[in-house]
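Encoded as structure tokens, the structure appears first; notes follow it.
The values are calculated or read from the model by the stated rules, or taken from the named source; none is laboratory data. Note that the structure is predicted; figures quoted are calculated from it, not measured. No Cβ is skipped: glycine too gets one built from the backbone with ideal geometry, and neighbour counts run over all protein chains shown. The protein model used for the area step is the full one, side chains on, heavy atoms only, and it has no ligands, DNA or RNA in it. Shrake-Rupley method; radii C 1.70, N 1.55, O 1.52, S 1.80 Å.
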Amino acid sequence: MPLIDGAGIGYWAAQGTSTPAGSFSIEPEVIPQLRADLDDIREQAKEFLRSRNFQIKLYPLGSDPASGATADVHNTKADAAVAGIQGYIEVLDSVIASLDEAAKQYGITEDANTASFQRGATAG
């Protein structure tokens, strides 16, 4: 069972240490579905940024100082939210890359899984 972590697949197991926080182990047969699910989530986050990023900004509604200050506070928080989503996408990128590496180590490909499923369906 591979370990998915920032140091790479199996790094901690090779070191003979326990799995550090932020790591997890998974069964090889779930890798393709997990990867597909995370890829969907990543694409939704990217689409959110593409489609709504310009809608997040607030421009002062008036020329008074309060309107400008309010817009500044809002935009600072909006920038932080965008940065948070971008960070989330980067984490998803890393996890997906780790899953891809695990799939390679196990010789798992989507085509192999499809063929295996089809063999099972016709055998039953």
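List of remarks:
- Per-residue SASA entry for Arg35, accessible area with 1.4 Å probe, Å² rounded to 10: 70 Å²
- Computed label-point distance, nm, for sites Asp72 and Thr109 using a 7 Å Cα→Cβ extension: 5.8 nm
- In Å², nearest 10: area of Asp72 left accessible to a 1.4 Å probe: 100 Å²
- In this calculation the C-beta distance from Ala80 to Glu29 is compared with R0 = 41 Å, giving a FRET efficiency of 0.55.
- Solvent accessible area, Å² - Val73, 1.4 Å probe, full protein context: 80 Å²
- Pair Asp40, Asp93: separation of 7 Å Cα→Cβ label points (nm): 2.3 nm
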